Amino acid sequence: MGKPIGEFQLIQLKLANMEVARLNVENLVFRHIEMSAAGRSLSLAEASAMKLYAAQAASAVAMDAVQLFGGNGYMASTESSSWHATPRSSRSTPAPTRSR
């Protein structure tokens, strides 16, 4: 019998990277809340960087979740499929296609 998927080191690494991305976004949000409470606002560059990082992190975490769930990650009935669809549908430019 095989090992549980969570016992594989690369799966643990992927999960750890996903958690780091989540914590980073959470800290960015908390920083913004603290600045707003102190009467300060983000600069345009800070707000843009925050938005870019959050969008990229969400997309990367969603893709990793879909990969971890395997074929089930793409099924419309799973929660991970909506995580994957949301960041992709909010892109301002179409995803690049590979030419053959």
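The values are calculated or read from the model by the stated rules, or taken from the named source; none is laboratory data. Since this is a predicted model, take the numbers as computed values, not measurements. A quick note on method: Cβ atoms are made from the backbone with ideal geometry, for glycine too, and the neighbour counts reach across all protein chains shown.
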List every residue pair whose Cβ atoms sit under 8 Å apart, with the two residues 6 or more apart in sequence or on different chains, where the first one lies in the range 1-26 and is without any contact (Cβ under 8 Å) to a residue 60 or more places away in the chain and the second, anywhere, is assigned to a helix (DSSP H, G or I) and among the hydroxyl-bearing types (Ser, Thr, Tyr). Asn24/Tyr53; Val25/Tyr53
Determine if the range 15-25 includes at least one residue that is more than 19 Å from Gln67 (Cα to Cα) and not β-branched (Val, Ile, Thr). yes
Failed condition for Ile5, given (1) modelled with pLDDT under 85; (2) touching a Leu at 6+ places or on another chain (Cβ under 9 Å); (3) loosely packed, with under 15 Cβ neighbours inside 10 Å, with all others met? (1)
